[in-house]
Each structure stands twice: as structure tokens, then as C-alpha cells.
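The values are calculated or read from the model by the stated rules, or taken from the named source; none is laboratory data. Every value quoted in this text rests on a predicted model; they were computed, and no experiment measured them. Ideal geometry is used to build each Cβ from the backbone, glycine not excepted, and the neighbour counts take in all protein chains shown. Only protein heavy atoms, including side chains, enter the accessible area calculation; ligands, DNA and RNA are left aside. Shrake-Rupley method; radii C 1.70, N 1.55, O 1.52, S 1.80 Å.
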Amino acid sequence: MSTPSMTLFHNTLSPFVRKVMVLLHETGQQDRVALQDCVLTPVSPDTALNADNPLGKIPALRLADGSVIHDSRVIFEYLDQQHVGNPLIPREGAARWRRLTLASLADGIMDASVMVRYELVLRAPEKHWDEWLDAQRDKIRRALAYLESDAIAELTSHFDVAAISVACALGYIDLRHPDLDWRSANPQLANWYFDVSQRPSMVATMPKP
Ligand code: BEZ
């Protein structure tokens, strides 16, 4: 095992961190990165992280030269250029923009899911903004319906930036929003997710509350 040359600001519960962790496993780079655990919410920041990422968000990656890169999209692309296997982001052409667009949709699902989680656990129940919560949940449902109807074959074709991002988004919904019951409305997505959840990279990065 080599000594890690990079440090990832990390929390196993973050779907954005998980994307990066799955990439590390899929590309055999996990030994190159030390994990620095961050316990944070938008209202209880991690001071050490703030010093390296003024936005106070994870993931952030400290490189061997001491510089820090963020966010998950930038880190994913950086690490994807550090291995010799098949790229997980197509380097050019229409496939690049399509796969990145699907990954962006998955990131949007994660954003909405994390926002809903924060609203529900960080704000007093009498202050919950129900219309806003419903709008976020609708966003998640619409995005999942699109993946079910228009993207299932693309997700099945290979486990790259698009598929990894969607898998991590679904993992987070299962963790924090089981009430959404997303499988009933999206049976093909559910079957696909069942299959990819068996991958060693997904098993190794299961969120541990
Ligand atoms: C969570 O506990 O749901 C969470 C933790 C870190 C980042 C995002 C979400």
C-alpha cells in the first residue's frame, strides 16, 4: 500500500463525497487519498474545512502540492485524469455532454434531497416551509421519472460519471427519504439500482449513519 498523497474532506453520509469515493474504488485509486472526516451542517461548520474551502462544503480535495480543489464535479474530473483505465467521463464529443448532463441531473436530485433533509432536521417543525419542501420533492420525482423513461438504457450501458452519480443520489434518497417510495413509480430504475448496488465500489461506500 502506498502512502496517500492527497486528502479528501469527507463524510460517509454525503452523496457528493460518495461519488468521489466510488470513482476512487472503480479506478483503483483509494490508497492515494487519506480521508479527513468532517462533521458539519450549514449552521455548524467545520473550521478546518473552512480554511481550505471558503464555502465550507464537502467534498474538497487537498492535492500533493497543498492546493485544494472543489466541488465534487471538479474533483471527479481531476481524479478521472489520474488513472490509466477507461475514463469515467468521456473526454470529448456528444457523449461527454450527454453523460455530464445526466450527472448534473443526479447532482440536482442530491441537492434537493439534502436541502429537504436540512429543512426537516435543522429547522423547528413550526417553521417548516411546506410549499418549498413539496417543490423540492416534485423536482426529485420529475428527475427520477425522466431517468426512468428516457435514460435507463444509457445508465445500464456503463458505470461512469452519469451512472455513479445517479446511484449515489438514489442511495441518499434511501438513506434520508425512504418515504418518497421512489421504486413504485420507477421500476426499471429500481432494478438497475439493485444491480449496481452489488458493485464492490457501492458496497464499500454505503453510508453509515
Ligand atoms: C446527511 O447527514 O444527510 C448529510 C451529511 C453530510 C452532507 C450531506 C448530507
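Of note:
- From Ala48, Ala64, Ala124, Ala95, residue being at pLDDT below 95 and among the small types (Gly, Ala, Ser): Ala48
- Residues in the range 87-135 that are assigned to a loop (DSSP other than H, G, I, E, B) and touching an Asp or Glu at 6+ places or on another chain (Cβ under 8 Å) were compared, and the one that is surrounded by the most Cβ atoms within 10 Å (Cβ to Cβ) is Leu88.
- Residue in the range 12-32 that is nearest to Tyr118 (Cα to Cα), counting only those that are surrounded by fewer than 20 Cβ atoms within 10 Å (Cβ to Cβ) and within 13 Å of the ligand (Cβ to nearest atom): Leu13
- Scan of the range 136-177 for residues that are hydrophobic (A, V, I, L, M, F, W, C) and open to solvent by 50 Å² or more (accessible area, probe 1.4 Å), ordered by number: Ala153
- Helices (runs of 4 or more DSSP H) contained in the range 146-186 and holding at least 3 residues within 16 Å of the ligand (Cβ to nearest atom) and within 18 Å of the chain's Cα centre (by Cα): 161-176
- Residue within the range 37-60 that is under 27 Å from Val196 (Cβ atoms), away from the ligand (no atom under 13 Å from the Cβ) and in contact with a strand residue (DSSP E or B) (Cβ under 6 Å, 6 or more places away or on another chain) present: no
- In the range 33-67, the qualifying residues are those that are assigned to a strand (DSSP E or B) and more than 22 Å from Ala103 (Cβ to Cβ), and the one that is most open to solvent (accessible area, probe 1.4 Å) is Asp37.
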